[in-house]
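All of the numbers you see were taken from the coordinates with simple rules; none came from a lab. Remember, predicted model here, so these are calculated numbers, not experimental data. Ideal geometry is used to build each Cβ from the backbone, glycine not excepted, and the neighbour counts take in all protein chains shown.
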Amino acid sequence: MRERPSMVIEPLMVPVPCDTSCLTNSKFRELLANPKFRMGMEVVDSLVDLVRDYVSTLTREVITRLNEFEADASQATFALYQILEVGGDFVLGEDLTFQGRTVVRGEFQKLMRALKVLESMKRDQDIKLTCDEIRYLTEALWEHVDKNLRRILVEVQSGS
């Protein structure tokens, strides 16, 4: 009960609680034998799938808008999410980077145009909403695990 089995949703590198398939491949697989726990995991599975859907939506939007720049879609999606939810900014140098990760390579003019597109994406309300939903769903996942699944485990241990 002290451990919090988790996995990350790429490319955002957002930690979320293990879903059923993650638990099945871990030392916690025996928990899935309990029907109450398995039912609680259905909520986790649904929320993880929803987070993945939102991440896919965000990634598709980034790919669509940065297509002409041959940007690294994973790095650009990661950077955009981090900037909107945590803070930070892009760094324009030999390449366009975020936290040492290369988002776009190329000549200066190309980097400037890509930066303008990324800056407009940071202001886009739909993108902000998508990033916020990812964060809210991630928080809801941990809350569900901490409150509901832990309660089920306590009941199982006490024999209720």
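Just a few scattered comments:
- For I9, residues with placed amide H under 5 Å, excluding near neighbours: V14, V16
- The range 9-132 - convex hull of the alpha-carbon atoms, volume per residue in Å³: 107 Å³
- Taking 12 Å as the cut-off, the amide N atoms of the range 1-43 that come nearer than this to a point 7 Å along the Cα-to-beta-carbon line of Q157 belong to 1-3.
- Subtracting the Cα-Cα distance of L50 and K110 from 0.36 nm times their residue separation leaves 18.1 nm of extension gain.
- Taking a straight line from the alpha carbon of K116, these lysines sit under 30 Å away, with near neighbours fewer than eight places off in the same chain left out: K128.
- Think of it as helices only: each DSSP H run of n ≥ 4 in the chain is worth -39500 (n - 2.57), and spread over all residues that comes to -19500 deg cm²/dmol at 222 nm.
- Solitary cysteines of the chain, where the nearest other Cys Cβ is not under 4.7 Å: C131
- Computed about the Cα centre, the dipole magnitude for the range 35-140 is approximately 40 debye when only Lys and Arg (+1) and Asp and Glu (-1) carry charge, each at its Cβ.
- In the distance distribution for the range 107-157, Cα-Cα pairs more than 18 Å apart total 59 percent.
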